[in-house]
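K.L.:
Would you mind keeping the following structure in view while I ask a few things?
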Amino acid sequence: MKFFWILIFNIFFSLISHHKLNAQTDTLYLYQVYQSFSNEEKAEWTSFENNWNYFEYSNIKTVLKIKNLNCKNCESLYADIFIEINHDGNITIIKFLKGKKCAISNEEEAFIALFENSLKKQKFNSLKNKQFIARFGHILKC
């Protein structure tokens, strides 16, 4: 009887392990031009990322009338943006590369402006003289 339950457990576990769970991806993907950020730069970026997610991204979703992201009606709201930070820590170049709203490529000026305006007011203390592409927003794996 003991071996029967072990067999059942193994079958159950193997079925569960093959089932992929769908989860939200990380918010900001960093495609750095440079090898890596220092620990101080990573900490500053993480702090910025958390703050941006909580305030700016929530505002963008509200303006675009997206209550939440789910696989039924809206599985993506993001923008890939090239950012250049000067020696003073100010963002000097913000260039929209691509973005999607509810699985539809979006290049409307209003859509682009929402993401760009949310970044214009940011000033960095540690991240200086950097160029990179970051993904702002979420994509669900449905």
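The values are calculated or read from the model by the stated rules, or taken from the named source; none is laboratory data. This one's a predicted model, so the numbers in the text were calculated from it and none came from an experiment. Here Cβ is always computed from backbone atoms with ideal geometry, including for glycine, and neighbour counts include all displayed protein chains. Each accessible area value is taken on the protein alone, full model and side chains, heavy atoms only, with ligands, DNA and RNA left out. Shrake-Rupley method; radii C 1.70, N 1.55, O 1.52, S 1.80 Å.
K.L.:
In the range 98-111, how many residues are open to solvent by 30 Å² or more (accessible area, probe 1.4 Å) and not in a strand (DSSP E or B)? Steps first, answer last, please.
P.N.:
Pass one, the range 98-111, residues open to solvent by 30 Å² or more (accessible area, probe 1.4 Å): 98, 100-105, 107-110.
So of that shortlist, the ones also not in a strand (DSSP E or B) come out as 102-103, 107-110.
Adding up the residues that qualify gives 6.
K.L.:
Something else about it: Can you go through Q24, Q35 and tell me which one is of a type in the set (S, T, N, Q), out of contact with any helix residue (DSSP H, G or I) (no Cβ under 9 Å at 6 or more places or on another chain), at pLDDT below 85 and closer than 14 Å to H138 by Cα?
P.N.:
Q24
K.L.:
Can I ask one more? Could you list, in sequence order, all residues of the range 122-142 that are open to solvent by 30 Å² or more (accessible area, probe 1.4 Å), more than 17 Å from N106 (Cβ to Cβ) and in a strand (DSSP E or B)?
P.N.:
K123, Q131, I133, listed by residue number.
K.L.:
Based on this model, can you work out whether F115 counts as under 16 Å from W52 (Cβ atoms) and modelled with pLDDT of 90 or more?
P.N.:
No, not satisfied.
K.L.:
Something else about it: Count, please, the residues in the range 57-90 that happen to be open to solvent by 40 Å² or more (accessible area, probe 1.4 Å) and either among the aromatic types (F, W, Y) or over 16 Å from L127 (Cα atoms) (or both).
P.N.:
The number of residues fulfilling the criteria is 14.
K.L.:
Of the conditions (1) in a strand (DSSP E or B); (2) surrounded by 12 or more Cβ atoms within 10 Å (Cβ to Cβ), N53 fails just one. Which one is it?
P.N.:
(1)
K.L.:
With the requirement that a residue be small (G, A, S) and modelled with pLDDT of 90 or more, what does the range 80-108 give you?
P.N.:
G89, G99
K.L.:
Given the conditions (1) outside any helix (DSSP H, G or I); (2) open to solvent by less than 40 Å² (accessible area, probe 1.4 Å), and given that K95 satisfies all but one, which numbered condition is not satisfied?
P.N.:
(2)
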